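The values are calculated or read from the model by the stated rules, or taken from the named source; none is laboratory data. Note that the coordinates shown come from a computational prediction; the quantities given were computed from them, not determined experimentally. When we count neighbours, we look across all protein chains shown, and the Cβ atoms used for this are built from the backbone with ideal geometry, even at glycine.
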Amino acid sequence: MSLMKLETAKSGVVISEEMKAAAAAANTLLHTGEGAGNDFLGWVNLPSSIDNEQIAAIEAQAAKLRAKADVVICIGIGGSYLGAKAVIDAMSNSFEFLKKKHDNPTVVFAGQNISEDYTYELLDAVKDYSVAAIVISKSGTTTEPAIAFRLIKSYLEERYGKEEAAERIVAITDQARGALKTLSTNEGYPTFVIPDNVGGRFSVLTPVGLLPLAVAGIDIKALVAGAQAMEQATGADVPVEENLAAQYAIVRNELYKAGKKVEILGSYEPKLLYIAEWWKQLYGESEGKDGLGIFPASVTLTADLHSMGQYIQEGERTLFETIISVAESKYEVKVEADEANLDGLNFLTGKRLSNINKMAELGVQLAHIDGGVPQLRIEIPAINETSIGALIYFFEKACGISGYILGVNPFNQPGVEAYKKNMFALLDKPGYEEESKAIKARL
Ligand code: PA5
């Protein structure tokens, strides 16, 4: 079975030789490590470097947390949050929260915001459950997760005592630096390392993603196997014509050159909503710099046809769409006949919802083409660990290629610092006295 299909014909793009050459060169640079940001290329060969021992260590730690806790709070932000959230949502029953019995601990997230109410409600809600925490920060100094961890650490220590709390906390951070590393050493937390050469948004296949996923009962071996297969299928020696990641990067850059500045990632499977959130971070932080970059947006369909559909059909013509299409649903639900047929839908009797959903997808695709919105389509065989693993690596590889074609360093995020400086100045952080004065004068 093929890992994935990429349909670009309906994008209307005629690929130039120049763009092909740029993509080939970009892919080579990712493998030779001679491009910008080359100290952050650890993700390129990451899937194939994950061995059984690493998987076993993650699974063993996950088993300990699973044995101790009904709820595992996963603390992190950005790349230290979105990958795990995306895969857990994609792989879980959408209504697991309604079930009376759960086969796996529930993974909830904290530290991805500073909302007082969110934090209060989370700490209040977990009181009735046995709790553990995974704290994730590569730098170990990010404010949002650090605040959340302070609170959750003290909650766990109060509830279980310091010694037992230390058994219920796992840290994932840099191997040598950062406050979280120091704290973990001092407190004796089990730790996993985020490799130096893997940036946050490319880290889902490190323990950052794999430990929370294993805790949630997801088959991380199969996820990694899917990524490995895609790593091979997009390798340095794969010609651009056969390399799906290069093809995707090429088409989006051709569209960008033609004035399509916004890419909307859509899916007809609501479970993939956070895959789109993860993708937005991956592409937004990697490409949005130096006054350049496609703006990554997302929709969940058909729901958003009744909100964003009007704009996509008839608004500014700066958009193109990429649809993640799922070939096979997991379950079967058919429309039933209704004697009164008041809604006039008896013509659908006996049809599977997946079939109706597919017709919606095809109908929308053609309508949007008619409306001047070029269409790309990524088809995965089903929502399972292997195809999600392949999809993750596909997007990562395409992002690296695309960023190099665009001419930016896809592996830094200098723009993220601006808000932090202002926030610290407003909060009177020691050392920010001058900035504090200046910013307060602007309020
Ligand atoms: O992609 C990135 O590097 C960022 O989005 C980080 O993942 C995010 O800022 C969190 O950083 P850290 O893991 O250091 O707390």
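Quick notes
- Annotation for region 213-225: no member residue is buried (at least 19 other Cβ atoms within 10 Å of the Cβ), within 16 Å of the ligand (Cβ to nearest atom) and not assigned by TED's automatic domain parsing to the domain that holds residue 28.
- Among the residues of region 370-401, those identified as touching a Ser or Thr at 6+ places or on another chain (Cβ under 9 Å) and either among the hydrophobic types (A, V, I, L, M, F, W, C) or closer than 18 Å to residue 12 by Cβ (or both) are 374, 375, 376, 377, 378, 380, 382, 383, 394, 398, 399, 401.
- All positions within region 281-337 that are on the phi > 0 side of the Ramachandran plot and surrounded by fewer than 19 Cβ atoms within 10 Å (Cβ to Cβ): 290, 291
- Test: residue in region 78-97 that is within 16 Å of the ligand (Cβ to nearest atom), of a type outside the set (Asp, Glu), modelled with pLDDT under 95 and assigned by TED's automatic domain parsing to the domain that holds residue 183: no
- For residue 72: the one exception among (1) surrounded by 14 or more Cβ atoms within 10 Å (Cβ to Cβ); (2) in a helix (DSSP H, G or I); (3) not assigned by TED's automatic domain parsing to the domain that holds residue 275: (2)
- Test: residue in region 180-192 that is within 11 Å of the ligand (Cβ to nearest atom) and either under 25 Å from residue 427 (Cβ atoms) or of a type outside the set (Asp, Glu) (or both): yes
For every residue, the table says whether it meets (1) touching a strand residue (DSSP E or B) at 6+ places or on another chain (Cβ under 8 Å); (2) among the hydroxyl-bearing types (Ser, Thr, Tyr).
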position: 342; (1), (2): no, no
position: 375; (1), (2): yes, no
position: 381; (1), (2): yes, no
position: 387; (1), (2): yes, yes
position: 391; (1), (2): yes, no
position: 399; (1), (2): no, no
position: 432; (1), (2): no, yes
position: 436; (1), (2): no, yes
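- Within the set 132, 84, 125, 110, the sole residue that is in contact with a strand residue (DSSP E or B) (Cβ under 9 Å, 6 or more places away or on another chain), buried (at least 23 other Cβ atoms within 10 Å of the Cβ) and over 30 Å from residue 285 (Cα atoms) turns out to be 132.
- Pairs linking a residue in region 74-103 that is within 26 Å of residue 145 (Cα to Cα) to a residue that is more than 10 Å from the ligand (Cβ to nearest atom) and of a type in the set (Asp, Glu), with Cβ atoms under 8 Å and 6 or more positions apart or on different chains, are 82/277; 85/277; 86/277; 91/385.
- Test for residue 62: is it surrounded by 15 or more Cβ atoms within 10 Å (Cβ to Cβ) and away from the ligand (no atom under 16 Å from the Cβ): yes
- Test for residue 130: is it under 20 Å from residue 88 (Cβ atoms) and in the same structural domain as residue 75 (by TED's automatic domain parsing): yes
- Given (1) within 16 Å of the ligand (Cβ to nearest atom); (2) over 26 Å from residue 103 (Cβ atoms); (3) in contact (Cβ under 8 Å) with a residue 40 or more places away in the chain; (4) of a type in the set (S, T, N, Q), number of the condition residue 173 does not satisfy: (3)
- Matching option when the condition is at pLDDT 95 or above and under 18 Å from residue 266 (Cα atoms), among 405, 392, 401: 392
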